[in-house]
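Some notes on the structure that comes next.
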Amino acid sequence: MIEYHDATVRVRYAETDQMGVVYHANYLIWFEVGRVELMRALGVEYKRMEIEDDCRIVVADAHCRYHHAAVYDEVLRIRTRIAESRNRVVKFSYEVIRDADGKVLANGETTHVICGSNGRPKLLPKKIPQCVQCHRRARARPERRMNVALSGNDLTFSQLYDVALRGETVLLSSAAIAGMNASRAVVERLVASGATAYGINTGFGKLASVRISAEQVRQLQVNLVRSHACGVGVPLSEEETRAMMLLRANAIAKGLSGVRPRIVETLCQMLNHRVHPVIPSQGSVGASGDLAPLAHLAQVVIGEGRANFRGETLPGGEAMKRAGITAVALEAKEGLSLLNGTQGMLALLSLALHEADILVDSADVAASLSLDALRGSPGHLTRASCRRARMKGPQRQHVTLRT
């Protein structure tokens, strides 16, 4: 198995300035050389992949950190690794090493999106992930981070992206369990007392005045999930589904929904074992809730609906069984609590924000490389700073381009 690949280049005169020092833009060109040679060593030919599979690996983000200057006629080794590979995204890491003394002159990373000739994202061809994924897993295990612990109060964007995009594992915090047990006790007391409580022993919406017998309380929750699982359209992507699952689990973990901890623990297990409900993209009713999308999520929690598991689309119950997860038998109010939220739109918005952040950084990289390649003067940035000093707007682009 290839841990990394070294591609050798010699610095040409055209790649240097009048002092014989390499232009910064050339490091990213060398990254490209290293990436192509690594993929070739793994048995992947870019041109064949484009022709046979209509699959292209497009740069979405690039970072380079310069430590020492490379000069004319030096021999360099471009050491390239696959840092991560998941469905539509592949990340590479690089080191530019001076062959004479082994000194690292620069290092960096690039992120690539897999897409077709129409520009739409697509999955890696089946013949490619075997070499790429095995290569990634051998390096990923020692670098595994801590589990993301859900409390309902302190989930960060970084943690959301770790789980949704990078497959980080999740668990329910002990503090959240105590809070959920306390709120669940309130629901159980209401059920035992026979007092009327909306969504617990009544119908929903216009049927709120219809009383549900104690024997039918559990069936009411199942019927609610089934009746709302009527979404349409193209299913959400794996990343969007994972973000939605995490956000719903985190909201319920807050302990204000009156459900058992087992509901959140089951969602965590599904995330950790990569059981992803098939969720149609259309069906939200806006501020009233992502009812249909969350119903499709909840169906798999109770062993119904459909789910993707290890590359197969299966009945929800079968997917849960293969993953070793026991489906939940809903108790009073739990179906309502799974459905009543806006985590579908929040998931899509959060991922769009992440992509926008990458786009802004990529624009800075493109502007900086253009300025460097054209031997432009940074003087205009200094003049612009005088104007920006009188404005309250963000200084981020200015600072990025100056550094």
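The values are calculated or read from the model by the stated rules, or taken from the named source; none is laboratory data. Quantities reported herein were computed from a predicted structural model and do not represent experimental measurements. Positions of Cβ are generated from backbone atoms using ideal geometry, with glycine treated the same way; all protein chains shown enter the neighbour counts.
Under the condition of being over 20 Å from residue 288 (Cα atoms) and either modelled with pLDDT of 95 or more or within 38 Å of the chain's Cα centre (by Cα) (or both), the residues counted in the range 195-219 number 3.
With a requirement of 3 or more residues that are touching a residue at least 24 places away in the same chain (Cβ under 8 Å), closer than 21 Å to residue 148 by Cβ and in the same structural domain as residue 189 (by TED's automatic domain parsing), the helices (runs of 4 or more DSSP H) lying completely within the range 237-329 that satisfy it span 238-253, 261-272, 291-301.
Report yes if residue 369 is assigned to a helix (DSSP H, G or I) and at pLDDT 85 or above, otherwise no. The answer is no for residue 369. Scanning the range 31-68 for residues that are under 24 Å from residue 369 (Cβ atoms), of a type in the set (A, V, I, L, M, F, W, C) and loosely packed, with under 14 Cβ neighbours inside 10 Å returns a single hit, 58. Within the range 180-208, being assigned to a loop (DSSP other than H, G, I, E, B) and touching a Ser or Thr at 6+ places or on another chain (Cβ under 7 Å) holds for 196, 208. Just one of the listed residues (384, 329, 295) is at pLDDT below 85 and among the aliphatic types (A, V, I, L, M), and it is 384.
Residues that are touching a residue at least 60 places away in the same chain (Cβ under 8 Å), assigned to a helix (DSSP H, G or I) and not charged (D, E, K, R) within the range 160-177 comprise 160, 161, 163, 164, 165, 176, 177, listed in sequence order. Considered as a group, the residues in the range 330-347 that are in a loop (DSSP other than H, G, I, E, B) and of a type outside the set (Asp, Glu) include one that is nearest to residue 258 (Cα to Cα), and that residue is 333. Here the range 232-284 is the region considered, the condition is being surrounded by fewer than 24 Cβ atoms within 10 Å (Cβ to Cβ) and of a type in the set (Val, Ile, Thr), and the residue that is farthest from residue 323 (Cα to Cα) is 232. Screening the candidates 331, 355 for the property of being under 30 Å from residue 191 (Cβ atoms) and surrounded by fewer than 21 Cβ atoms within 10 Å (Cβ to Cβ) yields one hit, 331. Scanning the range 53-67 for residues being under 12 Å from residue 90 (Cβ atoms) and among the basic types (Lys, Arg) gives a total of 1.
Listed here are the residues, each with its yes/no results for (1) over 26 Å from residue 238 (Cα atoms); (2) of a type in the set (A, V, I, L, M); (3) at pLDDT 90 or above.
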{"residue": "6", "(1), (2), (3)": "yes, no, yes"}
{"residue": "15", "(1), (2), (3)": "yes, no, no"}
{"residue": "28", "(1), (2), (3)": "yes, yes, no"}
{"residue": "41", "(1), (2), (3)": "yes, yes, no"}
{"residue": "92", "(1), (2), (3)": "no, no, yes"}
